[in-house]
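The values are calculated or read from the model by the stated rules, or taken from the named source; none is laboratory data. Since the structure is predicted, the reported quantities are computational estimates derived from the model, not experimental observations. In this analysis, Cβ positions are derived from the backbone assuming ideal geometry, glycine residues included, and neighbour counts consider all displayed protein chains. Protein only, heavy atoms only, side chains kept; ligands, DNA and RNA dropped before computing areas. Shrake-Rupley method; radii C 1.70, N 1.55, O 1.52, S 1.80 Å.
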Amino acid sequence: MINVRDVTYTYMTGTPFEKTALKNISFDVSEGEILAIAGHTGSGKSTLIQIVAGLIDLTSGSVEIDGLPVADKKIRRLVGIVFQYPEHQLFEETVERDIAFAPKNFGLSDDEISARVNEAMRQVGLDASLKNVSPFELSGGQRRRAAIAGILAMKPKYLILDEPTAGLDPKAKENLLREIFGDVKKSGVTIILVSHNMDDIARFADRVIVLAQGEKIFDGRPRELFAREEILQRAGLEPPPITQLMRRLGVDEIVLSLDEAERILLKKN
Ligand SMILES: Nc1ncnc2c1ncn2[C@@H]1O[C@H](COP(=O)(O)OP(=O)(O)O)[C@@H](O)[C@H]1O
Ligand SMILES: [Mg+2]
């Protein structure tokens, strides 16, 4: 369980560039939940997840993970965070060594490390034949997968992903999300997904928190969010295309996916 209480955070306090990025944010994340954090660029999403991961020191409020303050070193292994454009952090000679980097630092046996590398590659849909390839020979989508696999190989209890599909082509994007949210979720991992893609949120998130100018302005189910015009407008967000289309067709229900839309339309005719 993650407990975030009254977190306020200001960058460059006392300078002319002072910027309050988060204002009084509180929420809990339950085990096994997929929580999305949505909001316009600059709304505070990345600041918030870095605070949750213990990468930015708190100045006011508190974050506890499984009952321990986030500053406690014991939580380091519990939380895995994948930054935006994580492939920029690949640096080893081979894909295998890159993915093995964190587990090696945990002091695990070679067998355990090797098993974790194989499992992580499978989870992100990277073919085992790529193990001995240099990360620089991979395609953009494969590099992204390798970087995410490196975090999965830590076997974090809490997985935080900051815009994991940003900049990928539509095909690579679709498969990557399916993999992360199918296989990884089955293993019971709790996921915090930062995204401004409402379609991804509609399909994968159990719950969504919306930030606008550092404030939490919504916390609930995606289906509830897409019924709240005023919230969406304030946050500068739009419901997924399929949700908008079904509304234009006069369907009262909030529709989240093509499958749901198909079911409703077939019933009507
Ligand atoms: N290192 C930093 N120094 C100063 N201001 C920052 C820094 N990082 C982010 N900010 C500011 O804090 C606000 C929130 O940024 P961020 O958390 O990156 O938002 P998001 O991830 O939603 O785009 C923005 O106004 C941004 O300009
Ligand atoms: Mg960001």
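What the table shows:
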item: Scan of region 129-150 for residues that are hydrophobic (A, V, I, L, M, F, W, C) and either modelled with pLDDT of 95 or more or buried (at least 16 other Cβ atoms within 10 Å of the Cβ) (or both), ordered by number; result: LEU130, VAL133, LEU138, ALA146, ALA147, ILE148, ALA149
item: Conditions (1) away from ligand 2 (no atom under 13 Å from the Cβ); (2) not in a strand (DSSP E or B): number failed by VAL4; result: (2)
item: Residues (open to solvent by 100 Å² or more (accessible area, probe 1.4 Å) and in contact (Cβ under 8 Å) with a residue 12 or more places away in the chain) located in region 250-267; result: LEU258
item: Of the criteria (1) open to solvent by less than 100 Å² (accessible area, probe 1.4 Å); (2) closer than 14 Å to ASP199 by Cα; (3) part of a loop (DSSP other than H, G, I, E, B), which one ILE242 fails; result: (3)
item: Leading residue by the ranking (most open to solvent (accessible area, probe 1.4 Å)) among those in region 54-87 that are over 28 Å from ILE99 (Cα atoms) and in a loop (DSSP other than H, G, I, E, B); result: THR59
item: Sole residue being over 23 Å from GLY125 (Cα atoms), part of a loop (DSSP other than H, G, I, E, B) and open to solvent by less than 40 Å² (accessible area, probe 1.4 Å), chosen from LEU232, LEU237; result: LEU237
item: Residues within region 203-219 that are over 28 Å from GLU18 (Cβ atoms) and open to solvent by less than 10 Å² (accessible area, probe 1.4 Å), tallied; result: 1
item: Subset tally (residues that are closer than 15 Å to LEU152 by Cβ and open to solvent by less than 80 Å² (accessible area, probe 1.4 Å)) for region 88-102; result: 7
item: Residues located in region 9-53, provided they are open to solvent by 70 Å² or more (accessible area, probe 1.4 Å), within 16 Å of ligand 2 (Cβ to nearest atom) and in a strand (DSSP E or B); result: TYR11, LYS19
item: Subset of region 151-176 [open to solvent by less than 10 Å² (accessible area, probe 1.4 Å) and of a type in the set (Gly, Ala, Ser)]; result: ALA153
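Table: residues versus (1) within 16 Å of ligand 1 (Cβ to nearest atom); (2) under 21 Å from ARG116 (Cα atoms); (3) aliphatic (A, V, I, L, M); (4) in contact (Cβ under 8 Å) with a residue 24 or more places away in the chain.
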| site | (1), (2), (3), (4) |
| --- | --- |
| ILE160 | yes, yes, yes, yes |
| ALA172 | no, no, yes, yes |
| GLY188 | no, yes, no, yes |
| ILE192 | yes, no, yes, yes |
